[in-house]
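Structure first, commentary second.
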């Protein structure tokens, strides 16, 4: 999303009411941008941990219901976070960036659904700190 020469970045957290937060930046190298980059990296690392845990749990002959519920919640939060990161990064592509990455003639078309900013991103807090034992 562009506003004159400044870009609006969807941040990887919400305000206290669950609405998305945006940062207006012309460079993307300031303190809040770097903080958002670190939060996104942590969210993706957590998603990787849940994928590994899912593989382990699915190989268990008799997984406990509590572990499955925990896994489902963690995977759900991780997928929400990953989608938010993808949306944020996609929004920051300029038309020239998109052409370079997708190729104008033979690249895939953008089929992402658009979302109302007030409804899809509530409750995107960090995954529970509880870890499987």
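Of everything listed in (1) closer than 20 Å to residue 7 by Cβ; (2) out of contact with any strand residue (DSSP E or B) (no Cβ under 9 Å at 6 or more places or on another chain), the single unmet condition for residue 52 is (1).
Select from region 45-72 the residues that are closer than 18 Å to residue 13 by Cα and in contact (Cβ under 8 Å) with a residue 24 or more places away in the chain and write down the one among them that is surrounded by the fewest Cβ atoms within 10 Å (Cβ to Cβ).
Step one: list which residues in region 45-72 are closer than 18 Å to residue 13 by Cα, which gives 45-47.
Narrowing further to those that are in contact (Cβ under 8 Å) with a residue 24 or more places away in the chain: 46-47.
Values: 46: 18, 47: 20.
Within region 45-72, the match that is surrounded by the fewest Cβ atoms within 10 Å (Cβ to Cβ) is 46.
Scanning region 23-41 for residues that are modelled with pLDDT under 95 and either within 14 Å of the chain's Cα centre (by Cα) or part of a loop (DSSP other than H, G, I, E, B) (or both) yields 26, 27, 28, 29, 30.
The values are calculated or read from the model by the stated rules, or taken from the named source; none is laboratory data. It should be emphasised that the depicted structure is a prediction, and the values quoted were computed from it without experimental measurement. Every residue, glycine among them, receives a Cβ derived from its backbone with ideal geometry; neighbour counts consider all protein chains shown.
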